[in-house]
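The values are calculated or read from the model by the stated rules, or taken from the named source; none is laboratory data. On a predicted model such as this, the values are computed, not experimentally measured, just so you know. All Cβ positions, even for glycine, are placed from backbone atoms using ideal geometry, and neighbour counts span all protein chains on display.
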Amino acid sequence: MSKTMTAVRIHEHGGPEVLKVEQVPVPEPAPGEVLVRVRATSVNWWDAGYRKGIVQPRPGVPSLPLPFQLGREAAGQVTAVGSGVRSFTPGDRVVVMTCPACGRCTACRRGDDNLCQDTQLPGHQRFGGYAEYVTAPQNGLLKAPDGVDFETLACVLWSYGTVLHMVNARARIQPGDTVLVTGASGGMGTAALQLSRLAGAQLIIALTGSADKTDALLTAGADIALNYKDPDIVEQIRAQTGGTGVDVVLDNVGGPMLPLAIKASRLGGKIVLAAVMGGRTAEVHIGEVFAKHLDILGTRASTRREQELVLQFAAAGKIAPVIGARYPLTQAATAHKALDAGSYVGKIVLVP
C-alpha cells in the first residue's frame, strides 16, 4: 500500500474553489481505530455548510478546525486495524457512522444517543471521507450488509438516518397521514419521500422550486409535486388535503419555509425542522402557532439503531437512494458547485 494518498481539504471557508486536491500521508490507525479504504463518499448540505463557514460547533465542543477534510458519509473496506480492535478485520465491508456515540454518557444511557456529547463526528470534528483512506474508531463503524454497493452505502446513514429520526421519533407519522416535504429534490428530501411512505403516509406532497424536477420527484415517491414559488402555494396545498392542511411538514430547507409550513399545517399539525440552507432565521406569527395548536420540533442526527435500520432497509430493497450524479474525488469542487446550484435530484457521490 502506498504511503501517500489523494485527499481533498479546505484551509479556509468560502466557495467551492477552497476545496484543494492534495497528496498527503495515509493515516495510521491509533489504538481502537480502523483504517478504511474509501470506495464512495457523498456530498451533502452539511459539507457545503462547513465549507461556507455557517456550520456551528455543537454546544460544549471546540470551534470547528481548519485545515479540514469534509465528508459526513463514507463506505469502503477495512485495510488495517489498530491495537485492541476486535470487531473488524482487514477486508470487511463497512460504513462509517455519521453519528457515532460513546454509549456511556447520560444521553446514551437514556437512549438518546443522537444527542451524545462525548463523540467526534466525521466531517465535523474529525476528518471525513473526502480521501482515499480515513480512520474511524471501531465503535464508529457498522458492517455493511451483503449485496448493497458502496455508492448506495455512502448515501444512507446521513440522509436516511436523520430523516428516519424525523419521521418516527419526532413527527411520529401514522398510517393515513398527509405529509409535506420541503427541499424535496435533495438527498434528505428524497429520503423523506420514501420513509414517509414506509411509515404509512397516505398523501405525500413534494415542494420544489424547479418545474423540471417534477417528474423525478414523482418517480422518487411523491404523490404530488408543487412549486413553492407559486403565489398561491398554500391554497394549492390545502386543496390537496380537502381544505384542512397537512398533518406533518418535514422541512429540509429552513428560512421562509417555516412560515409557509405553519400556514399549510392543519389544526394540531407537526412541523419538524432539520436544516438552515434556506436561512437561519424566520419571522413567525406566534398567534398562528398557538391558535392552530402546532408542534414545531427540532431534530438532531440519528441513533445507532436508526442507522442500523436504514442499512437493513437498503438491503431489503425498502429504500433506494436517488443518486443524481457521480464525480471522481478530484472533482469535488465541481460537485460542490452542482450542489450549490441544486442541479440534481437526490445525492451527489464522490468516488476516490
Exercise. Among the residues of segment 78-94, count how many are surrounded by 16 or more Cβ atoms within 10 Å (Cβ to Cβ) and either of a type outside the set (Lys, Arg) or part of a loop (DSSP other than H, G, I, E, B) (or both).
Key: 9
Quiz item: Which helices (runs of 4 or more DSSP H) sit wholly inside segment 166-250 and have at least 2 residues that are crowded, with 19+ Cβ neighbours inside 10 Å and not assigned by TED's automatic domain parsing to the domain that holds TRP45?
Solution: 187-198, 214-220
Quiz item: Do we have ALA101 as out of contact with any strand residue (DSSP E or B) (no Cβ under 6 Å at 6 or more places or on another chain), of a type in the set (Gly, Ala, Ser), surrounded by 12 or more Cβ atoms within 10 Å (Cβ to Cβ) and over 25 Å from PRO328 (Cβ atoms) here?
Solution: yes
Practice problem: Please state which one of GLN125, GLN138 is out of contact with any strand residue (DSSP E or B) (no Cβ under 8 Å at 6 or more places or on another chain), touching a residue at least 12 places away in the same chain (Cβ under 8 Å) and under 15 Å from GLU33 (Cβ atoms). | Solution: GLN125
Quiz item: Quick check: is even one residue across segment 255-276 within 30 Å of LEU153 (Cα to Cα), under 20 Å from the mean Cα position of the chain (by Cα), among the β-branched types (Val, Ile, Thr) and at pLDDT below 95?
Solution: yes
Practice problem: Return the total of residues in segment 251-269 being part of a helix (DSSP H, G or I) and surrounded by 17 or more Cβ atoms within 10 Å (Cβ to Cβ). | Solution: 6
Quiz item: Across segment 309-336, what is the total count of residues that are of a type in the set (D, E, K, R) and either farther than 30 Å from MET5 by Cα or not assigned by TED's automatic domain parsing to the domain that holds PRO16 (or both)?
Solution: 1
Self-check item: Filter pass, GLU288 being closer than 26 Å to ALA225 by Cβ, surrounded by fewer than 16 Cβ atoms within 10 Å (Cβ to Cβ), charged (D, E, K, R) and over 16 Å from the mean Cα position of the chain (by Cα)
Solution: yes
Exercise. Could you grab me the full set of residues in segment 318-352 that are part of a loop (DSSP other than H, G, I, E, B), surrounded by fewer than 22 Cβ atoms within 10 Å (Cβ to Cβ) and over 17 Å from the mean Cα position of the chain (by Cα)?
Key: LYS318, SER343
Quiz prompt | Candidates ALA282, ALA315, ALA274 - the one that is surrounded by 22 or more Cβ atoms within 10 Å (Cβ to Cβ) and of a type in the set (Gly, Ala, Ser) | solution = ALA274
Practice problem: Could you check, for segment 270-282, whether at least one of its residues is in a strand (DSSP E or B) and without any contact (Cβ under 8 Å) to a residue 40 or more places away in the chain? | Solution: yes
Quiz item: Out of all the residues in segment 331-348, is one or more closer than 22 Å to THR208 by Cβ and aromatic (Phe, Trp, Tyr)?
Solution: yes
Quiz item: What is the number of the single condition among (1) surrounded by fewer than 16 Cβ atoms within 10 Å (Cβ to Cβ); (2) in contact with a strand residue (DSSP E or B) (Cβ under 6 Å, 6 or more places away or on another chain); (3) in a loop (DSSP other than H, G, I, E, B) that GLY71 does not meet?
Solution: (1)
Quiz item: Hey, among VAL36, VAL61, VAL55, which residue is assigned to a strand (DSSP E or B) and assigned by TED's automatic domain parsing to the domain that holds PHE127?
Solution: VAL36
Quiz item: Would you call ILE262 of a type outside the set (D, E, K, R), closer than 19 Å to ILE173 by Cβ and in the same structural domain as LYS143 (by TED's automatic domain parsing)?
Solution: no
